[in-house]
Every structure is written in C-alpha cells, then in structure tokens.
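The values are calculated or read from the model by the stated rules, or taken from the named source; none is laboratory data. Computed from a predicted model, the values in this text were never measured in an experiment. Neighbour counts run over all protein chains shown; Cβ positions are idealised from the backbone, glycine included. Note: accessible area is taken over every heavy atom of the protein model, side chains too, but ligands, DNA and RNA are not part of it. Shrake-Rupley method; radii C 1.70, N 1.55, O 1.52, S 1.80 Å.
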Amino acid sequence: MAVLAKTPSQQAIDLENKYGAHNYHPLPVVLNRGEGVYVWDVEGKKYYDFLSAYSAVNQGHCHPKIVNALVDQAQTLALTSRAFYNDVLGKYEKFATEYFKFDKLLPMNTGAEAVETAIKICRRWAYEKKGIPEDKAEIIVCNNNFHGRTTTIISFSNDHTAREHFGPYTSGFIKVAYDDLEALETALQNNKNIAGFLVEPIQGEAGVYVPSEDYLIEAKKLCEAHNVLFIADEVQTGIARTGRLLATCGNCSCENKDCSGTPDVKPDILILGKAMSGGAYPVSAVLANDPIMEVITPGSHGSTFGGNPTAAAVAIAALEVVKDERLAENADRLGKLFRAELNKYITHSTICKLVRGKGLLNAIVIDDHEEGDTAWNICLRLRDNGLLAKPTHGNIIRFAPPLVMNEEQLIDCVRIITETLKEFEE
Ligand SMILES: *Cc1c(COP(=O)(O)O)cnc(C)c1O
C-alpha cells in the first residue's frame, strides 16, 4: 500500500517517463492551463511563461481571437487535403503575401518542413534557373545553426547530440562561421556551384547570438553578387519577436511606422513557423517571389495537412493579432527595458556576466566555473519563484516571454529574475 500519495505533477511525469520516448529533458513542472503571459501547473501554481514554447506563443496563451478562429473553422471544415481547393487557403495566401510582401506562399506545418521546403526550392532554382550541373548544388549554412530535426537538417548541424548515430547524412552543405562576412565571401568565391545561403537572423537555439549590425545586409549583397539565394530562417525570430515584424526588416522602426514596410534586407526565400499560428496549431510557410517559387510544379512537393482550412484561418487571426495589438512595437520597447534593467544588476553580479538579445528574444550568460548545472539550477529556482525558463547550451538561459506582456508584468519578472540570481551569488 502506498504510504504517500503521489502529487498530480509526479503522476504526469511518471506517465511520460514510462510511456513516452525520452527525446526531451523537460524542466519538472506540469502545466494544464495558460492565458496571456501566464501558465498554471496541475497544483494550481501560477507562472510567468518566459519561453513561449520557443517563441510559438508570441500572441499569448489561448488568445481568444485565435482560439475562436480555430474552433469556428474546425467546426466548419477542418481538412480537405490539396487534392481539392478549399475556400480559406487562397484568402490566407493573399493575406500573408501582402503582409510579408512576397508574390507567393507555400504552406507547410512545422518549421523543419518549411526549412526542407526552402532547401528543395533552392536546389531546383539552382538547376533550372542558375544552371548548376545536376546534383552539384551546394548550400552554405552557419556553424552552430539550428534549423530543425529532419535527417537532412541534422546533416548540417554541429550539435553532436542531435546527429550521433543518425547517419548517413545528406551532402551538399558547406559550413561557415556565423557573423563572419569574410568566411562567407571565401566560400562563395571558392565554389561556383553555390545555390543558397541559409541563415538565422539571430541564432536562437545556439544562445541568442545577435550578429553585427551590418552582417545580414552585407551577406545579402554578397549573395546578390554571386547570384546565390539568401534564405532567412525566421521561424524563431519572425512575427514580432525581435521588436520588428521580421528580424530581417532592416531599419524598419515599429515605433514610427507600420512594421510591414519593405525590409532593408529582403530575403529571396523567407521561412516562417512557430508564431504563425500563435501556438494554436502547427503552421509554417515558405515565401518567395514568382521567379523562384515558379520552380515548384504540381506533384513536385506537398503535404497532406499543409494549407488546410483550419491552419489558414488560424494563421490569418494570429497575424492580425500581431498588428492589432502592436506586438512588434511592444517587444521592442519592453526588450530595451528588460536589457537595461538586467544590465543594472549585472554590474554587481559575479554569477551573471552578460545579457544580450533583441526585442523580447534575450539571454543571460551564467558564469559557471564548475562547468556544471548552475543554469539548470537557476531555472529550477526561477520556477519555484514563479517564472519558467530553460537553459540552452549549458550556461545560457533564454528569456522569451509572450509579446502581450505589459510593463508592470515585465518589471515584476525582472524582480523575480534578479532576486533568484541573488540566491546564487558567491
Ligand atoms: C524551432 C525552429 C525550427 C524548427 O521548427 P519545428 O516546428 O520544431 O520543426 C527551425 N528553425 C528555427 C530557427 C527554429 O527556431
């Protein structure tokens, strides 16, 4: 007979451990409700969500407008496959292409699928438009990239854990250092079969590495000079997260004007996912102009769920929320406040050396002498103190709350974070 009944949290964790594959190492907290910037665990404790499902929930948990769009469309017509037309997909494609200023959109479901799609489009363009000999196309990628989990994508990852014993790997990728224009230029000069350059405007998973101011603009110029497609993976940085509608959106300042203005760095291929649906449904997309997208012909690519009416309705609502609630502007303003407040603390800190980021995609770097689990332990203590975040790459903690946060809440979160860090100072 059990002496002590297990808590509901422990029961849920035990079930996952026993019946689920162990492909994650979650922070021990079991959530069952979310609203706006908050989530609740099964014991009823309330937390600030500072991960936002890896920036999928930019619009806040269970946003009523997005949930209504989901429910309405799911009750009307959920899935047709692309064997037939449906009456929402076209509306969504018109809406999203005008929103992001591209001729065409190809709908998929997950971020990794959208990256795969972009790679396929780029390769076809290389053979059919650029004239690269069959099977010779190369795509330049960056060290420490994160683009998803498929076999091809992990083929060009540096992450040992993500790659080990999953070979043989897909060929046709060349790695260069991130934020290194010389390395990019050398790679472009050394090989005439380069089709594309795939890059994250900020490397999120790697630890929120923000490149130098002119990196993306100059990289785009190099690509243009070599007739190479500039492919921006904005799955994490897109949809207002970095204080602009897109991180590639150059000098487009959200305080002064509508952030959907033509970006300074316009990618040839734009990859979006995560917050395209505000976290309500898997929705991803690849956008490009006609001269590139036209290489895709009937039968050459597809997805049973991609472009389904539910996804289309949800995505329209999710993108409308971003504009209606001026989330880019809010992320820009609160992000500056967040870094300013944390920088005040860091001046006297021995445990935390650095805060960096853009908009509300930020990270702190923990000074972990023992190369141990300090960042993990800080995240456990943050949880106890009512704020959920997760370490990325050992000693880095990413802070990415929903963009619907207000200033009072942000200041409260800064208090929780700094008081928690204090507990770890020497
Ligand atoms: C999360 C992410 C992906 C993969 O998206 P999934 O929906 O998990 O497949 C790809 N690229 C970037 C930059 C991401 O952050």
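From the list ALA74, ALA114, exactly one residue is within 16 Å of the ligand (Cβ to nearest atom) and touching a residue at least 24 places away in the same chain (Cβ under 8 Å). Which is it?
Sole residue among the options that is within 16 Å of the ligand (Cβ to nearest atom) and touching a residue at least 24 places away in the same chain (Cβ under 8 Å): ALA114.
How do the pairs read when you match residues in region 410-426 that are touching a residue at least 40 places away in the same chain (Cβ under 8 Å) and more than 14 Å from ILE366 (Cβ to Cβ) with residues anywhere that are surrounded by fewer than 20 Cβ atoms within 10 Å (Cβ to Cβ) and of a type outside the set (Gly, Ala, Ser), using Cβ under 9 Å and keeping only pairs 6 or more apart or on different chains?
LEU410/LEU337; LEU410/GLU341; ILE411/LEU337; ILE411/GLU341; VAL414/LEU337; VAL414/GLU341; VAL414/TYR345; ILE416/ASN385
Can you tell me which condition TYR209 does not meet? The list is (1) in contact with a strand residue (DSSP E or B) (Cβ under 6 Å, 6 or more places away or on another chain); (2) more than 16 Å from the ligand (Cβ to nearest atom); (3) hydroxyl-bearing (Ser, Thr, Tyr), and all the others hold.
(2)
Any residue in region 102-115 that is over 21 Å from the mean Cα position of the chain (by Cα), modelled with pLDDT of 95 or more and in a helix (DSSP H, G or I)?
no
So the check is Cβ under 7 Å with 6+ separation or different chains; which pairs have a first residue in region 95-110 that's more than 18 Å from THR304 (Cβ to Cβ) and within 16 Å of the ligand (Cβ to nearest atom) and a second one that's among the aromatic types (Phe, Trp, Tyr) and not in a loop (DSSP other than H, G, I, E, B)?
none
Can you find, within region 212-257, the residue that is modelled with the highest pLDDT among those that are polar (S, T, N, Q) and more than 16 Å from the ligand (Cβ to nearest atom)?
This residue is ASN227.
Taking the stated definitions as given, is LEU70 crowded, with 17+ Cβ neighbours inside 10 Å and in the same structural domain as SER303 (by TED's automatic domain parsing)?
So LEU70 fits the description; yes.
Which condition from (1) under 19 Å from CYS223 (Cβ atoms); (2) open to solvent by less than 60 Å² (accessible area, probe 1.4 Å); (3) not β-branched (Val, Ile, Thr) is the one that ASN109 breaks?
Every listed condition holds for ASN109 apart from (1).
Pick from SER9, SER52: which is open to solvent by less than 50 Å² (accessible area, probe 1.4 Å), in contact with a strand residue (DSSP E or B) (Cβ under 9 Å, 6 or more places away or on another chain) and within 16 Å of the ligand (Cβ to nearest atom)?
SER52
Mind counting the residues in region 135-169 that are away from the ligand (no atom under 16 Å from the Cβ) and assigned to a loop (DSSP other than H, G, I, E, B)?
The qualifying residues number 8.
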